[in-house]
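The values are calculated or read from the model by the stated rules, or taken from the named source; none is laboratory data. What you are looking at is a predicted structure, and each value in this text was computed from that prediction instead of being measured. For neighbour counting, all protein chains shown are included, and Cβ atoms are generated from backbone atoms with ideal geometry for every residue, glycine included. Accessible surface is based on the protein model in full, side chains and every heavy atom, while ligands, DNA and RNA are left aside. Shrake-Rupley method; radii C 1.70, N 1.55, O 1.52, S 1.80 Å.
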Amino acid sequence: MKVAKFGGTSLADAGQIRKVLDIVKSDPDRRLIVVSAPGKRSKDDTKVTDLLIACAKAALARGEADPEVRAVVSRFAEIGRELDLPPALMAGIEKDLRDRLAGDRSHKALFTDSIKAAGEDYCAQFVAAAAARQGLQAHYVCPREAGLVLSDEPGNARVLDESYPKLAALRDRPGVTIFPGFFGYTKAGRVVTFPRGGSDITGAILAAAVKAEVYENFTDVDSVYSTDPRIVPEARPIELLTYREMRELAYAGFSVFHDEAIIPAVLANVPICIRNTNRPAAPGTMIVPERPYHSGGVVGISSCDGFCTIFLSKYLMNREIGFGRRLLQILEEEGLPYEHAPSGIDNTSVILRDRLLTPEKERHVVNRIQAELAPDNVEVERGLALIMVVGEGMRYTVGLAAGATRALADSGVNIEMMNQGSSEISIMFGVKEEDRRKAVKSLYHAFFAGE
Ligand code: ASP
């Protein structure tokens, strides 16, 4: 059994939904289908989920949301008309949305979640109806009936373990089951949603629950590329990646999907395949627990702006017991997660996400460091980009770091920080944000030229 999840652009209009149905029909093993809400049809379009959020906001602010409701209803009506779905289904949507909006508004976040979740719910009903019209034995299932129980955290819910045995029974349903992504129910029966983009999470949970042969994630790109094609247009597609490689690449900006979203599938060892709804013949990228690798194999290079460094120096720091712990404790007490902590003999630095170290936090943290650790010097440097060079085969390869540093030197990029060895399968470089693109290009050409 395969679990296939289709993202918003794959369901943006009737034409896209027809492609989805063709994909479902082309493989009888695709029996559990997870759908997002209809997404953008063009660059300037609005996702149904955003239209629904506007409904919830309007209802909370003005007490009614008529124009906003019309925008949602007309979006579905257009899809329904083109797919020739029964008018009763369309009328049902308007009634349901108005019922949701007339619901309990005392808890704003729960109220908003009940509206936000409607896009996936209606889309699943539409896809099931359209599939049935094409002769498929297809059924919509409500996540509540299926047993998807989530924590009581609106907009940021997590799956509760008790869901898995119940969801496993989806395996035995006849025909094709269409499951709405993005939301589930609390124990008390309230609708709650995952974070944005959360249909990926639903898909991963279901794939784990039914022990799927593969979790297919259909989107609008052919595959994961060895580097960002906006920086290197000739970047080649990656056919096979391990979970660990995906995680390291996703850490610094590979954004095909959120690395946290796939955790349930990873824990259950279900292979994940990224595929394109618009080009279903393309093989896509498989993400697997293990893969054969040859030495030298850099599989991808990712990069991301938005980091900063707190740099400290103090003579004889290496002999001062507890220095590192006290530094990290200050960050902990200030609620700041740190990303990396490269250190030297008399100096140490901590790398953080720039947006988390607000100017006010910065002043506070620097004052505390000065008062509690008495360093000779403490500085904050902003505008750092991180670059990850990733590949399972790297640990067996001699001269890889040399090749990377040579490439950066040849292109005139100054390395602000380098971390090799903490992870066996990656080397991380810190460079100035303005050098990031140049650095990625030079590394790509060093490792992929001639392939
Ligand atoms: N429709 C939701 C969003 O736009 C969830 C998803 O598409 O995965 O975030």
Taking Cα atoms, the helix 436-448 axis meets the longest principal axis of the chain at an angle in degrees (rounded to 10) of 90 degrees
Residues whose modelled amide H sits under 5 Å from the amide H of L240, counting only those 5 or more places away in sequence or on another chain, are M286
Env charge @ G155, Cβ radius under 11 Å, K,R +1 / D,E -1, value +1
For the chain, dividing by residue count, accessible area per residue (probe 1.4 Å) in Å² works out to 45 Å²
In debye to the nearest 20, the charge dipole size for the chain, taken about the Cα centre with +1 at each Lys and Arg Cβ and -1 at each Asp and Glu Cβ, equals 860 debye
Helix 359-373: inclination vs the chain longest Cα principal axis, degrees, rounded to 10, gives 40 degrees
Nearest 10, in degrees from 0 to 90: the angle of helix 118-133 to the longest Cα principal axis of the chain is 50 degrees
So, relative contact order of the stretch 210-305 in percent, Cα under 8 Å, 6 or more apart, is 42 percent
Taking placed amide H atoms and a strict 5 Å upper bound, the residues 5 or more places from G306 or on another chain that come that close are L384
Along the stretch 230-243, Karplus-curve 3J(HN,Hα) (6.51, -1.76, 1.60; θ = phi - 60°) to the nearest Hz, with x for Gly and Pro, reads 6, 9, 10, x, 8, 3, 8, x, 9, 8, 9, 9, 8, 4
Quick shape check on the stretch 41-190: root eigenvalues a ≥ b ≥ c of the Cα gyration tensor, a/c under 1.5 is rounded, otherwise prolate if a/b tops b/c, else oblate, and it reads oblate
In nanometres, the difference between 0.36 nm per residue of separation and the alpha-carbon distance of S313 and E339 is 7.4 nm
Carbon/sulfur accessible area of the stretch 199-274, % of total, 1.4 Å probe, equals 54 percent
One finds, for E360 and E320 with R0 = 30 angstrom and r their Cβ-Cβ distance, a FRET efficiency to the nearest 0.05 of 0.55
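Go ahead and estimate [θ] at 222 nm for the chain from helices alone: -39,500 (n - 2.57) per DSSP H run with n ≥ 4, summed, over the residue count, rounded to 500.
Values: 15 runs with 169 residues, N = 451.
So the helix-based figure for the chain works out to -11500 deg cm²/dmol.
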Given backbone amide H placed at 1.01 Å from N, residues whose amide H is under 5 Å from that of E216, ignoring those fewer than 5 places away on the same chain, are V3, A4, K5, C273
By the Cα gyration tensor axes a ≥ b ≥ c (a/c under 1.5 gives rounded; else a/b larger than b/c gives prolate, otherwise oblate), the shape of the stretch 358-412 is prolate
A chain fully extended from K43 to V380 at 0.36 nm per residue, minus the present Cα-Cα distance, gains in nm 117.5 nm
So for the stretch 299-359, using the alpha carbon gyration tensor with a ≥ b ≥ c as root eigenvalues (a/c under 1.5 gives rounded; past that, a/b versus b/c decides prolate or oblate), I'd call it oblate
Most packed first (mean Cβ within 10 Å per residue), the peptides 266-277, 31-42 order as 31-42, 266-277
Any aspartates and glutamates whose Cα falls less than 19 Å from that of K314, other than same-chain ones fewer than 8 residues away, would be D346, E372, D376, E379, E381
Result: in the stretch 22-168 the number of Lys pairs with C-alpha under 26 Å apart, spaced 8 or more or on different chains, is 17
One finds the C-alpha centres of the stretch 217-259 and the stretch 349-424 to be spaced, in Å, by 23 Å
Computed ³J(HN,Hα) along the stretch 55-67: with the Karplus parameters 6.51/-1.76/1.60, θ = phi - 60°, integer Hz and x for glycine or proline, the list is 4, 4, 4, 4, 4, 5, 7, 10, x, 8, 8, 4, x
Whole-Hz Karplus couplings 3J(HN,Hα) for the stretch 325-332, θ = phi - 60° and coefficients 6.51, -1.76, 1.60, Gly and Pro as x, run 4, 5, 4, 5, 5, 4, 5, 4
Ordering 326-334, 122-130 by per-residue average of other C-beta atoms within 10 angstrom, highest first, gives 122-130, 326-334
So for R0 = 35 Å, FRET eff. of R144-H258 from the Cβ-Cβ r, to 0.05, ends up at 0.90
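Please give the contour-minus-distance gain from Q134 to D99: 0.36 nm per residue of separation, less the Cα-Cα distance, rounded to one decimal in nm.
Computed gain between Q134 and D99 is 9.5 nm.
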